[in-house]
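Here's the structure, in structure tokens; my notes come after.
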Amino acid sequence: MSNTQSKIEQINVTPEHQKINPEHQKALLERFLRYTAIDTQSENDVDRYPSTEKQKVLGEILVQELKDLGLSDASMDSYGYVTATLKGNVPSVPAIGFIAHLDTAPDVSGENVKAIVHENYRGGEIRFSGAPELGLSPEDCSALADCVGEDIITSDGTTLLGGDDKAGIAAIMTAVEMLGELDLPRGDIRIAFTPDEEVGRGTEFFDTERFGVRYAYTVDGGMKGELSAETFNANTAIVTIGGINIHPGKAKDVMVNAIQVLGDFLKKLPRELTPQETEDREGFIHPVSVEGGVDKVVVKMILRDFDLEGLTKQKAILEEAIAATKVLYPRAKLDLEIKESYRNMRLHLEKDPRVVQFALDAMEEAGLTPVSLPIRGGTDGAELSRKGVLTPNLFYGGSNFHSFTEWVSLQQMCQASEVLVRLARIWAERGKK
Ligand SMILES: [Zn+2]
């Protein structure tokens, strides 16, 4: 019998043992309210890192709280990354990481957030004291229909709530507290709270080597049981159109206006392949910017699909549209350049299926029905997975993020904590190096 095995058997593990109790729930709610009261909005298009200093205010508080929970190595670096280790009690099992982000989206104000707890939600519309015109109902947000009897938390309607991702932080902190008390078998648990996720820079200075884990989980969005192990494959297409400019008074039979060429080119792209016409697993071609004038136009498009063949098809569509436009404007020059942006995280996660499987098992153990949902966008986990830290995303139990009607369910945040606790134990039992 290995050391690991004997240690696991010494520890009394019962299903009840790992359930979240009312004190933990109370502590989780207090944490969540404490974190949402701090403005941590990030900012687009700035040179500094983190984009806003105020994110570090929450970072400092978390360092102190982690220390209070016994994680003596808790610290924040100059970029604003908070890291800490909950020491394991079983040798030779892999360390795993729990990750959430500190910042809130630039889209909606995060200043002076007043979180409101709507206890024991009875169904129907939730009203906002600070914004009488606003309502939140199951008709607009179907996930709310599943939350009857739960405590729903919103802002007062004048700001976002910041559940994205302070619910993730609160769930992780509570899991750390529970793991510290329960003495379940576990390897080292590494914690990271990261700045600037919402402005697409969450992993820019993240030191994966120092973090030192091969398996991690972001806790960043989704309703109970949701797991995301897939993102889009993403390319950028740049079409450069060369026209011929001349004084408009002398333009007859000479001028080729690149702007008009662009108009005809765009008309040849399939309408049904736009973001506004697609959902679920469908990909799209999305023109995002245009620069230029009569003699030259450069249009940038983002290409997205869950399968690489989909991206190949999109390239063929662009080539066909270019060929057809050239027929209309034989003297115009049209060039296509494709650049790789990021790849579906599934391609990396498949290298070790346990990272997803154990999460699904932990959710089932906690009485949830796991659902695997693809993310129609990027995530920090995709970038981390590319860098060798395999990182699917787990739910925290909320919806409508980046908006005035953002909400979370307290009971589902608790379930997120419970899933993390079980996950730590499952890795210790079945994740031998
Ligand atoms: Zn988020």
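Of the residues that make up segment 203-219, is at least one of a type in the set (A, V, I, L, M), surrounded by fewer than 22 Cβ atoms within 10 Å (Cβ to Cβ) and farther than 14 Å from residue 377 by Cα? Step through it out loud before you land on a result.
Within segment 203-219, the first condition is being of a type in the set (A, V, I, L, M), and the residues that meet it are 213, 216, 219.
Subsequent filtering for residues that are surrounded by fewer than 22 Cβ atoms within 10 Å (Cβ to Cβ) retains none.
Within segment 203-219 (the criterion being of a type in the set (A, V, I, L, M), surrounded by fewer than 22 Cβ atoms within 10 Å (Cβ to Cβ) and farther than 14 Å from residue 377 by Cα), the answer is no, since none of the residues qualifies.
Tally up the residues in segment 72-107 that are of a type in the set (Asp, Glu), surrounded by fewer than 23 Cβ atoms within 10 Å (Cβ to Cβ) and either within 16 Å of the ligand (Cβ to nearest atom) or not assigned by TED's automatic domain parsing to the domain that holds residue 219 (or both), please.
Residues in segment 72-107 being of a type in the set (Asp, Glu), surrounded by fewer than 23 Cβ atoms within 10 Å (Cβ to Cβ) and either within 16 Å of the ligand (Cβ to nearest atom) or not assigned by TED's automatic domain parsing to the domain that holds residue 219 (or both): 1 in total.
Only one of 379, 405, 369 is over 23 Å from residue 88 (Cα atoms), touching a Cys at 6+ places or on another chain (Cβ under 8 Å) and touching a residue at least 24 places away in the same chain (Cβ under 8 Å); which?
None of the other options fit; the residue is 405.
Return the only residue of 252, 268, 224, 296 being open to solvent by 20 Å² or more (accessible area, probe 1.4 Å), more than 16 Å from the ligand (Cβ to nearest atom), modelled with pLDDT of 95 or more and in the same structural domain as residue 361 (by TED's automatic domain parsing).
224
If residue 209 passes every condition in (1) outside any loop (DSSP other than H, G, I, E, B); (2) of a type in the set (Asp, Glu); (3) within 16 Å of the ligand (Cβ to nearest atom) but one, which one does it miss?
(3)
Give me the residue from segment 294-310 that is charged (D, E, K, R) and assigned to a loop (DSSP other than H, G, I, E, B) and, out of that set, farthest from residue 279 (Cα to Cα).
295
What pairs come out if I take residues in segment 201-222 that are among the hydrophobic types (A, V, I, L, M, F, W, C) and pair them with residues that are within 13 Å of the ligand (Cβ to nearest atom) and in a loop (DSSP other than H, G, I, E, B) whose C-beta lies under 6 Å away, six or more apart or interchain?
219/396
I need every pair where a residue in segment 152-168 that is on the phi > 0 side of the Ramachandran plot has its Cβ under 9 Å from the Cβ of a residue that is within 10 Å of the ligand (Cβ to nearest atom) and of a type in the set (Ser, Thr, Tyr), sequence separation at least 6 or different chains.
From residues that are on the phi > 0 side of the Ramachandran plot, the pairs are 162/104.
Enumerate the helices (runs of 4 or more DSSP H) found wholly within segment 336-411, keeping only those where 3 or more residues are open to solvent by less than 50 Å² (accessible area, probe 1.4 Å).
Correct list: 354-365, 380-386.
The values are calculated or read from the model by the stated rules, or taken from the named source; none is laboratory data. Because the structure is a prediction, the values reported are computed rather than measured. Here Cβ is always computed from backbone atoms with ideal geometry, including for glycine, and neighbour counts include all displayed protein chains. Each accessible area value is taken on the protein alone, full model and side chains, heavy atoms only, with ligands, DNA and RNA left out. Shrake-Rupley method; radii C 1.70, N 1.55, O 1.52, S 1.80 Å.
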